[in-house]
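Notes follow the structure.
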Amino acid sequence: MWYVSTRGMAPRVDFEGALFSGYASDGGLFMPEELPQLNRETLCQWSTLSYPGLVKELCALFIGSELIPKDDLNDLIDRAFSRFRHRDVVHLSRLRNGLNVLELWHGVTYAFKDLSLSCTAQFLQYFLEKKEKHVTVVIGHCTKIQELQMTTVLKENVHVFGVEGNSDELDEPIKAVFADTVFVKKHNLMSLNSINWSRILVQMAHHFFAYFQCAPSLDTHPLPLVEVVVPTGAAGNLAAGYIAQKIGLPIRLVVAVNRNDIIHRTVQQGDFSLSEVVKSTLASAMDIQVPYNMERVFWLLSGSDSQVTRALMEQFERTQSLNLPKELHSKLSEAMTSESVSDEAIIQTMGRCWDENQYLLCPHSAVAVNYHYQQMDRQQPSTPRCCLAPASAAKFPEAVLAAGLTPETPAEIRALEHKETRCTPMRRGDTWMLMLRDTIEDLSWRWKGHVLNASQ
């Protein structure tokens, strides 16, 4: 399996190359050169698999046994999911009036990213151990609970900065560090946000699991449709769903966003343009201006035409504004529909779900469930529907309180508040890029010293 850039100007790479690259050298995102096609027989065979079982099958399709033999791959994925709190890793809650909520948050940080990052970390470790190399991973903004989970790790290979500013301000020094290609190569720098292909690959399993859990029967011809409602910011889960659709999974995609509605405007009107500002909402992880994974969607919509994709994205980067060509917009509208949800609607949805089910939704999950309630209230003909729940309500006590409900904080999160923390402040006026570079260099020297000592 080979991977090519959506912009067509970078050399093709194998899975290992895509895993360690993040962005391609031409600024594009890596995608499989060819998408496999799953037939009815394969889908029926997969329908009884567990969530980890689906991840194993999908990864085997897209990685190739010459890179990671099947037995090794299965072991890595089992190891990745060994720390999840739920025995099924991912759990479907079947609630009143046809509401199905797929809980993607049973990992250590109570968020859907645990699923893909746990696997990605195992893949990285596998290749690094083979080559006796190390990487330095740079990550950005996080919630209060994630902050506690990181600042209470007192190991020498973890350095946490507390930034006096927002995530856009933090992006600047990070981008500046990554722009220095010599420095990046010297210190094996990488980022693990949702541009990384490994993240998208594992997230495809959400859609397969949702489908098999919610499809009424696979005995019908054609196979039944299931609607999957995807709350999103950077469009990683959406891109994963669209790829799943393209390789043969009979799902209808609904993309649900908060008031930062660039994806909604793109689906409805073909208007892929930045708003003047990022609006702060209760669904804070979706407060994103640039949903960079839409580039993958555009590439697929254009029939894998990298020339078209490059022209579109270069125009967007130049002008921060883009009207999709009519043919592309028409294909996008066929592939998915969309909804934009206000904070008021988020609060109402959280309250209604609690009243009807005694079930606490996080604000991001409520963005998806709001769509379900709208369809139900309009008495639309019912296709089976699954709402993806990206995070636990435990991570967003302020939103739970705003909805007039009582937050539930798990004991392991409460325990973090009493642990020792370590964090280097980055204050306004400090040279953030220099602080990052110095820390990265220090980590590299320590690692080289460790290797030298170990070999003596």
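The values are calculated or read from the model by the stated rules, or taken from the named source; none is laboratory data. These figures come from a predicted structure and were not determined experimentally. Every residue, glycine among them, receives a Cβ derived from its backbone with ideal geometry; neighbour counts consider all protein chains shown. To get the accessible areas, we keep the full protein, side chains included, count just its heavy atoms, and leave off ligands, DNA and RNA. Shrake-Rupley method; radii C 1.70, N 1.55, O 1.52, S 1.80 Å.
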Of Thr431, Thr337, the only residue that is hydroxyl-bearing (Ser, Thr, Tyr) and either free of Cβ contacts under 8 Å to residues at least 40 places away in the same chain or open to solvent by 70 Å² or more (accessible area, probe 1.4 Å) (or both) is Thr431
List the strands (runs of 3 or more DSSP E) that sit entirely inside region 75-142 and contain at least 2 residues that are within 17 Å of the chain's Cα centre (by Cα). 100-103, 136-138
Consider region 256-298. How many of its residues are within 26 Å of Arg310 (Cβ to Cβ) and acidic (Asp, Glu)? 3
Any pair with Cβ under 7 angstrom, 6 or more apart, that starts in region 196-207 at a residue that is within 15 Å of Pro32 (Cα to Cα) and in contact (Cβ under 8 Å) with a residue 40 or more places away in the chain and ends at one that is crowded, with 24+ Cβ neighbours inside 10 Å and β-branched (Val, Ile, Thr): Val202/Val55
Subset of region 254-306 that is basic (Lys, Arg) and within 27 Å of Val400 (Cβ to Cβ) - its residue that is surrounded by the fewest Cβ atoms within 10 Å (Cβ to Cβ): Lys279
In region 360-393, which residues are open to solvent by 20 Å² or more (accessible area, probe 1.4 Å) and either among the charged types (D, E, K, R) or under 19 Å from the mean Cα position of the chain (by Cα) (or both)? Asp377, Arg378, Arg385
Looking at (1) assigned to a helix (DSSP H, G or I); (2) closer than 26 Å to Glu276 by Cα; (3) open to solvent by 40 Å² or more (accessible area, probe 1.4 Å), which one does Ala345 not meet, given that it meets all the others? (3)
Which count do you get for residues in region 236-277 that are in a strand (DSSP E or B) and under 19 Å from Thr42 (Cα atoms)? 1
If a residue has to be in a loop (DSSP other than H, G, I, E, B), more than 28 Å from Val89 (Cβ to Cβ) and at pLDDT below 95 to count, how many in region 383-430 make the cut? 9
So which residues in region 1-16 are over 7 Å from Gly28 (Cβ atoms) and open to solvent by less than 20 Å² (accessible area, probe 1.4 Å)? Tyr3, Phe15
Over region 17-53, the set of residues open to solvent by 20 Å² or more (accessible area, probe 1.4 Å), assigned to a helix (DSSP H, G or I) and under 20 Å from Tyr242 (Cβ atoms) is Thr42
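Please pick out the residue among Val277, Val267, Val308, Val257 that is of a type in the set (Val, Ile, Thr) and within 21 Å of Tyr23 (Cα to Cα). If you could, list the steps in order and put the result at the bottom.
Details: Val277 fails: within 21 Å of Tyr23 (Cα to Cα); Val267 fails: within 21 Å of Tyr23 (Cα to Cα); Val257 fails: within 21 Å of Tyr23 (Cα to Cα).
Matching residue, one of Val277, Val267, Val308, Val257: Val308.
Among the listed residues Leu128, Leu170, Leu104, which satisfies the condition of being modelled with pLDDT under 75, open to solvent by less than 30 Å² (accessible area, probe 1.4 Å) and over 17 Å from Tyr23 (Cβ atoms)?
Values: Leu128 fails: modelled with pLDDT under 75; Leu104 fails: modelled with pLDDT under 75.
Being modelled with pLDDT under 75, open to solvent by less than 30 Å² (accessible area, probe 1.4 Å) and over 17 Å from Tyr23 (Cβ atoms) holds for just one of Leu128, Leu170, Leu104, which is Leu170.
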